[in-house]
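Engineer: Quick one: the structure is below, and I'll ask about it shortly.
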Amino acid sequence: MTTPRADVRLGLGANLGQFSLLVVVNAFVGAMIGLERSILPAIAEHDFHLAAHAAVLSFIVAFGISKAITNYLAGRLSDLVGRKRVLLGGWAIAIPVPFLLMWAPSWSWVIFANVLLGISQGLTWSTTVIMKIDLAGPTRRGFAMGLNEFAGYGAVALSALATGYVASAYGLRPEPFYLGVAYVALGLGLSLAVRETHGHARKEATDHHGDAGVVSHRALFLRTSFTDRNLSSITQAGLVNNLNDGMAWGLFPLFYAAAALSLRQIAWLAAIYPAVWGIGQLVTGALSDRIGRKWLIAGGMWIQAAGIAVIAASGAFLPFVIGAVLLGAGTAMVYPTLLAAIGDVAHASWRASVVGVYRLWRDLGYALGALLAGLVADQVGVAAAIWLVAALTAVSGLVVAVRMSETLERAAP
């Protein structure tokens, strides 16, 4: 292992400037997803006349598969060529996305835009996560992940709300996607000022972890996916979390519209869920550093399931709000805690690769959720599809409760 530079220091206080910059960068990463949250299903029906739910949700399948594969590669790439290069590459790939969404003449162009968006998100979001873990060191990892995910999903909420309001005032296209041009320009510009953090990971490995030996990528994949009780429990929870998010992204706007809600009401509901998710992580990330990871994850999955069930059983705006709040609160408990738990278990020298494997499975959940929800909705109805996802989410929490052990004490130097 290369010896880290003597001036490299770990911790949020020692790296406050760079950490804060990365938080802002990740806000623009999240805002790019928010562009689509409230209006793209409506565009599918209004502009492209798609009737089948599976066809409408195909853009989420394309996004989820491309993001998942890119996540898998991003961890390895960031170890091989450095975090900053991967981050800049991700923003470069995002440049055409808002223009494709503005002017797409057919639905296939929208799907292609979401392939590019998935690749971009896989590179940019994965890298900001890895860089923040590098900078924070082992002692405040949950808090660091809470801030990262707060910025990202808070921006998802604001962007979803903004595009919904712009669409209600000016139309579904092209005006809402002008915001995306600004997000890419600002995100890429700020990323140029980010400094490489690979040396921080090497320092943590030297100071706290000792020599990990040589671990093959195949062994890391199997360990993270199946054989390690903690890592595989974390991974399945991440997959199911994004499975229900993929369903929510694609089916909830259609479900709300069928209940005769206006575009502005749908925009508010599309924003409330990620807003609670984002803000809640300011508390839950730090809380996991105090009380542990396991029961925040299991409890969060069960609260998500309850929120989805409330929405499935409802037909009016206020109950939908309650369900969205519960879903956001449960996700806030789970999301940063999963990443912090991986940081607890994984050796610093191969942590980026493990994060890549975890994020591969987690973001395949988008594709699986959209595909499953679309097919079930076409066969037996949208409400039945939502109920099925609620049940799967509850079972995932049970898996964590039975199979996973507490990981927080492993992070102690």
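Nothing in this text is a laboratory measurement; each read-out follows from the coordinates by a stated rule. Small disclaimer: the values here were computed from a predicted structure and weren't measured. Note that we place each Cβ from the backbone using ideal geometry, even for glycine, and neighbour counts take in every protein chain shown.
Engineer: Per DSSP helix of 4 or more residues, -39500 (n - 2.57); summed, then divided by the residues of the chain. What does that give at 222 nm, rounded to the nearest 500?
Structural biologist: Helix-only estimate at 222 nm: -26500 deg cm²/dmol.
Engineer: Let me ask another. State, to one decimal in nm, how far the label point of Ile69 lies from the label point of Val399, with both points 7 Å from Cα in the Cβ direction.
Structural biologist: It works out to 2.3 nm between the two label points.
Engineer: Could you calculate the FRET efficiency of Ala169 with Leu88 from 1/(1 + (r/R0)^6), where r is the beta carbon distance between them and R0 is 30 Å, rounded to 0.05?
Structural biologist: 0.30
Engineer: Rg/Rh for the chain: what does it come to with C-alpha atoms and Rh from Kirkwood?
Structural biologist: 0.96
Engineer: If you stretched the chain out fully between Leu80 and Ile322, how much longer would it get, using 0.36 nm times the residue separation minus the C-alpha to C-alpha distance?
Structural biologist: My answer for the length gained is 82.6 nm.
Engineer: Order these peptides, 296-308, 149-161, by their mean beta-carbon neighbour count within 10 angstrom, highest first.
Structural biologist: Those peptides, ordered most packed to least, come out 149-161, 296-308.
Engineer: Put a dot 7 Å past each Cα toward the Cβ at Ala219 and Glu406; how far apart are the dots in nm?
Structural biologist: For the pair Glu406/Ala219, the computed spacing is 3.0 nm.
Engineer: Between Ala258 and Arg9, what is the FRET efficiency for a Förster distance of 60 Å, r being their Cβ-Cβ separation, to the nearest 0.05?
Structural biologist: Plugging the Cβ-Cβ distance into 1/(1 + (r/R0)^6) gives 0.65.
Engineer: Could you list, in their original order, any pairs among Lys84/Lys132; Lys67/Lys132; Lys132/Lys203; Lys203/Lys294 whose Cα atoms are separated by more than 23 Å?
Structural biologist: Distance filter (> 23 Å) returns Lys203/Lys294.
Engineer: Still on this structure, I have one more. What's the angle, to the nearest 10 degrees (0 to 90), between helix 382-403's Cα axis and the longest principal axis of the chain?
Structural biologist: 20
Engineer: Moving on to the next point. Calculate one ³J(HN,Hα) per residue across region 316-333 by plugging θ = phi - 60° into the Karplus curve 6.51 cos²θ - 1.76 cosθ + 1.60, and present them in order as whole Hz with x for glycine and proline.
Structural biologist: With the stated coefficients, region 316-333 comes to 9, 4, 4, x, 4, 4, 4, x, 5, 5, 4, 4, x, 5, x, 5, 4, 5 Hz.
Engineer: Between Gln379 and Ile279, what is the spin-label point distance in nm, taking each point 7 Å from the Cα along the Cα→C-beta axis?
Structural biologist: Roughly 4.0 nm, to one decimal.
Engineer: Give, in nm to one decimal, the length gained when the segment between Leu190 and Met102 is fully stretched (0.36 nm per residue of separation minus the Cα-Cα distance).
Structural biologist: Gain in length upon complete extension: 29.2 nm.
Engineer: Please determine, in degrees from 0 to 90 and to the nearest 10, the orientation of helix 58-81 with respect to the longest principal axis defined by the Cα atoms of the chain, where the helix direction is its Cα long axis.
Structural biologist: Around 10 degrees separate the two axes.
Engineer: Next question, about the same structure. Convert each backbone phi in region 255-266 into a coupling constant with the Karplus relation 6.51 cos²θ - 1.76 cosθ + 1.60 (shift: θ = phi - 60°), then list the ³J(HN,Hα) values in order as whole Hz, x for Gly and Pro.
Structural biologist: Listing the rounded values in order: 5, 5, 5, 5, 8, 6, 7, 7, 4, 5, 5, 5 Hz.
Engineer: Got a sec to turn the phi values of region 92-103 into Karplus ³J(HN,Hα) couplings, 6.51 cos²θ - 1.76 cosθ + 1.60 with θ = phi - 60°, whole Hz, x for Gly and Pro?
Structural biologist: 4, 5, 6, 4, x, 4, x, 5, 5, 5, 5, 10
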